[in-house]
1. List pairs: first residue in segment 158-175 and farther than 16 Å from GLU223 by Cα, second residue of a type in the set (Ser, Thr, Tyr) and near the ligand (Cβ under 6 Å from one of its atoms) anywhere in the structure, Cβ distance under 7 angstrom, at least six positions apart or on different chains.
2. Looking at segment 44-73, which of its residues are among the hydrophobic types (A, V, I, L, M, F, W, C) and in contact (Cβ under 8 Å) with a residue 40 or more places away in the chain?
3. Checking the conditions here, which among SER174, SER116, SER150 is modelled with pLDDT of 95 or more, away from the ligand (no atom under 12 Å from the Cβ) and of a type in the set (Ser, Thr, Tyr)?
4. Based on this model, can you work out whether GLU279 counts as in contact with a Pro (Cβ under 8 Å, 6 or more places away or on another chain), more than 18 Å from VAL165 (Cα to Cα) and at pLDDT 95 or above?
5. Looking at (1) surrounded by 16 or more Cβ atoms within 10 Å (Cβ to Cβ); (2) modelled with pLDDT of 95 or more; (3) within 12 Å of the ligand (Cβ to nearest atom), which is the one condition that is false for ASN240?
6. Going through segment 17-37 one residue at a time, which ones are more than 25 Å from LYS86 (Cβ to Cβ) and either of a type in the set (Phe, Trp, Tyr) or open to solvent by 30 Å² or more (accessible area, probe 1.4 Å) (or both)?
7. Filter segment 160-186 down to the residues that are assigned to a strand (DSSP E or B) and of a type outside the set (Val, Ile, Thr), then identify the one that is farthest from ASN236 (Cα to Cα).
8. Would you confirm, using the coordinates I've provided, whether THR186 is closer than 30 Å to ASN120 by Cβ and not charged (D, E, K, R)?
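The values are calculated or read from the model by the stated rules, or taken from the named source; none is laboratory data. Keep in mind that what you see is a predicted model, and the values were worked out from it rather than measured. Counting neighbours? That spans all protein chains shown, and the Cβs are built from the backbone with ideal geometry, glycine included. Heavy atoms of the whole protein, side chains included, go into the accessibility calculation; ligands, DNA and RNA do not. Shrake-Rupley method; radii C 1.70, N 1.55, O 1.52, S 1.80 Å.
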Amino acid sequence: MAQNHCVVLDHRPGEDNVTSVQCFQFKECPMPTIEDGQILVKTLCLSVDPYMRNRLNQQTGTDYMSPLKLDSPIDGGGVGVIVESKSRHFCKGEILESFHWPWQEYAKYEVEGFNSLIVNKVESELVKNHVSLILGVLGIPGLTALLGISEMGHVVEGANQTIVVSGAAGACGSLAGQIVRLKGCTNVVGICGTADKCNFLKEELNFDNAINYKEDDVDAKLEEFCPNGIDVYFDNVGGNISNSVIRKMNKDSHIILCGQISMYNTSQPYPPPLDEETEQIREAQNITRERFLVLNYYDLFPKTLAELKELYQEGKLKYQETVSEGLESAPEAFVSMMAGGNIGKQIVHVADP
Ligand code: NDP
């Protein structure tokens with residue numbers, strides 16, 4: 001019988017600390033045996049995401065996320081294949097995805113009855129041939145970028161708007177910058193953490209300009225790259241970067257409050273309030289800053305995924321992944337993503353179908 005391994009939470013990092021790989025443990029675990037109404041799945045790919053940082057705390061600070069349990073497998077977005085089924089609704093070989101995929105090489109799911117967990121069959125041939133797409137451009141990051149812009153961006157074709165995207169070279173940001181140009185923004189400026197990422201944004205994704213917040217004077221660069229002010233801000237990071245952007249925003253402009261990763265290693269509530277000076281500017285300029293949560297737009301997912309798929313297949317939306325190999329690399333992949341080690345979507349490749 002094949003061996004099985006999992007990654008469990010060894011200890012919590014503490015709300016105000018950076019997560020280290022020692023918080024996790026990769027270990028052997030029993031190979032599940034299944035009963036009627038259950039399926040055995042082999043994990044193919046896992047997603048590591050910023051929201052998981054909150055789940056490492058005892059209190060997640062939100063009502064829609066539960067804390068991860070100590071000594072239990074981590075769970076998050078994942079995709080896998082059925083290797084054995086004792087359910088008449090599921091067949092061996094079918095590809096499945098879930099928001100609650102355990103960090104285990106092999107796992108069982110209850111798929112019938114009251115205790116069944118939510119797993120969805122992957123029907124798209126495109127995704128079956130490149131399963132990690134469902135964790136990236138055709139999953140939550142793509143949905144977040146497109147719905148964030150369409151629901152909160154107030155982008156108007158022909159209005160010559162300027163958008164700034166922070167966290168611009170990551171999963172959501174890299175897609176948001178491309179989508180917003182397709183929707184009509186004429187000046188797209190990205191903010192990210194390395195020179196390589198800046199080059200990627202300009203050369204591969206057609207951003208007009210990019211700012212390396214670790215080396216550049218962000219205020220001076222915004223002044224240079226946004227001569228007509230800023231109309232839309234897709235905010236993935238918060239903190240000082242966002243303060244600089246908001247200072248340059250035009251009257252009646254809009255912030256898409258997507259995430260605040262610069263605050264995730266602190267005990268700040270979410271969303272954190274702006275500092276007093278920035279809040280005064282926001283109010284004086286009548287800048288909207290409503291929290292955006294993609295899960296609130298569940299009804300729009302099918303239509304939005306169809307649009308994303310079309311844009312991707314037509315080559316209008318480029319999608320980049322940073323892939324780490326093997327389940328044992330998942331803790332390092334998470335820690336690295338939180339520190340900016342990824343370009344595009346950080347994926348953990350566990351096995352082939
Ligand atoms: P990314 O792929 O963008 O990875 C995270 C990136 O954040 C890193 O690569 C790093 O890039 C950047 N970063 C880390 N620390 C800091 C810091 N202190 N200051 C500035 N940048 C930092 O992740 P996602 O695309 O998955 O998520 C991006 C944001 O979107 C997150 O805030 C996340 O919580 C949010 N999100 C919100 C959703 C919603 O429904 N509202 C849904 C999904 C995600 P760099 O090198 O540039 O520093």
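1. CYS172/THR144
2. Of the residues in segment 44-73, the ones among the hydrophobic types (A, V, I, L, M, F, W, C) are 44-46, 48, 52, 56, 65, 68, 70.
Scanning segment 44-73 gives LEU44, CYS45, LEU46, VAL48, MET52, LEU56, LEU68, LEU70.
3. SER150
4. Yes, satisfied.
5. The single condition ASN240 does not satisfy is (1).
6. ASN17, VAL18, SER20, VAL21, GLN22, PHE24, GLN25, PHE26, LYS27
7. Taking segment 160-186 as the starting set, the residues that turn out to be assigned to a strand (DSSP E or B) are 162-166, 170.
Now drop any that are not of a type outside the set (Val, Ile, Thr), which leaves 166, 170.
Values: SER166: 6, GLY170: 9 Å.
Step by step, filter segment 160-186, then rank; the result is GLY170.
8. Values: closer than 30 Å to ASN120 by Cβ: no; not charged (D, E, K, R): yes.
Taking the combined requirement at face value, the residue does not satisfy it.
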